[in-house]
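Chemist: What follows is a single structure, and I will ask about it in a moment.
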Amino acid sequence: MYSSDEDSSEVEEEQRHQHIRKMMFMAAFTTDIIATAALIYADPLYNKVPYHTSALSGADWVRELLSGHSERIRNELGVHKHVFHALIDELQLAGYGHSKHVYLEEQLAIFLYTCVTGLSFRHVCERFQRSGETVSK
């Protein structure tokens, strides 16, 4: 009778060890998953890939519109060239000017383009090769 008690306690001990091994495996597996998720999430913060890479910056595109065919600026911004220049003059008279990184002409073009096209904020950022923070100002 004494040996069967020893056998059952050895079985219980083995089951307890198996349970502990399973729990350790689960903990290690969960830790690996969390670490992998953290690496995937953080990757864009450390491995920067340029996003705005168009051949024409927003300022260059506006210059192209202003120096090109008069109907092109109307199609893109909804106003004729002379109206665009008049709006720039009025904005300057009202005290507006170039910001630190964006010319007044490009600022006006961003506003008009957004109004005329109805495109999403993200698409306007792409067109002008600017960050969302810059375009929203």
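Laboratory data are not the source of any read-out in this text; all were calculated from the coordinates shown. Remember, predicted model here, so these are calculated numbers, not experimental data. Cβ sites come from the backbone with ideal geometry, for glycine too, and all protein chains shown count toward neighbours.
Chemist: Please state the charge dipole magnitude for the chain, taken about the Cα centre, from unit charges on C-beta atoms (+1 on K and R, -1 on D and E), reported in debye and rounded to the nearest 20. All intermediate terms of the calculation are to be shown ahead of the outcome.
Modeler: Working: 13 positive and 19 negative charges, 273 e Å.
Dipole about the Cα centre, nearest 20: 1300 debye.
Chemist: Continuing with the same structure: Could you work out the relative contact order of the chain? I mean the mean sequence separation of Cα pairs under 8 Å and 6+ apart, divided by the number of residues, in percent. Kindly include the intermediate steps, with their values, before the conclusion.
Modeler: Working: 64 pairs, mean separation 31.3, N = 137.
Answer for the chain is 23 percent.
Chemist: Now a separate question. Any idea what the relative contact order of the stretch 58-136 is, in percent, if you count C-alpha pairs under 8 Å spaced at least 6 apart?
Modeler: Numbers: 57 pairs, mean separation 26.0, N = 79.
Averaging sequence separation for qualifying contacts and normalising by length gives 33 percent for the stretch 58-136.
Chemist: Right, another one. Charges on Cβ only, +1 for Lys and Arg, -1 for Asp and Glu, centred on the Cα centroid of the chain; of Gly68, Leu108, Leu56, which one is farthest towards the dipole's positive end?
Modeler: Gly68
Chemist: OK, next. Roughly how far apart, in whole Å, are the Cα centres of the stretch 58-83 and the stretch 11-25?
Modeler: Spelled out, the Cα-based centre of one part sits 75 Å from the other.
Chemist: Among Ser99, Ala38, Ser120, flag the residue with its Cα farthest along the positive direction of the charge dipole of the chain, charges on Cβ as +1 for Lys/Arg and -1 for Asp/Glu.
Modeler: Looking along the dipole axis, the top candidate is Ser99.
Chemist: Volume per residue, Å³, of the convex hull around the alpha-carbon atoms of the stretch 58-136?
Modeler: So the per-residue Cα hull volume is 83 Å³.
Chemist: Hey, another quick one. Enumerate the lysines that Lys81 could reach by cross-link, defined here as Cα to Cα under 29 Å, with residues fewer than 8 away along the same chain left out.
Modeler: Lys100, Lys137
Chemist: Okay, next question. How large is log10 of I(q)/I(0) for the chain at q = 0.15, 0.21 Å⁻¹ when the intensity is taken from the Debye formula with one equal scatterer per alpha-carbon?
Modeler: Calculated log10 I(q)/I(0) at the listed q: -0.83, -1.24.
Chemist: Shifting gears a bit: Calculate the dipole size of the stretch 58-136 relative to its Cα centre from +1 charges on Lys and Arg beta carbons and -1 charges on Asp and Glu beta carbons; express the result in debye to the nearest 20.
Modeler: Working: 8 positive and 10 negative charges, 25 e Å.
It comes to approximately 120 debye.
Chemist: Over the chain, with a Gaussian network built from C-alpha contacts below 10 Å, which listed residue (Glu13, Glu126, Glu106) shows the highest mean-square fluctuation?
Modeler: For the chain, modelled as a Gaussian network with Cα springs under 10 Å, the answer is Glu13.
Chemist: Of all the Cα-Cα pairs you can form in the stretch 1-49, what percent are over 15 Å apart? The partial results should precede the final answer.
Modeler: Working: 781 of 1176 pairs.
Cα-Cα pairs in the stretch 1-49 separated by more than 15 Å: 66 percent.
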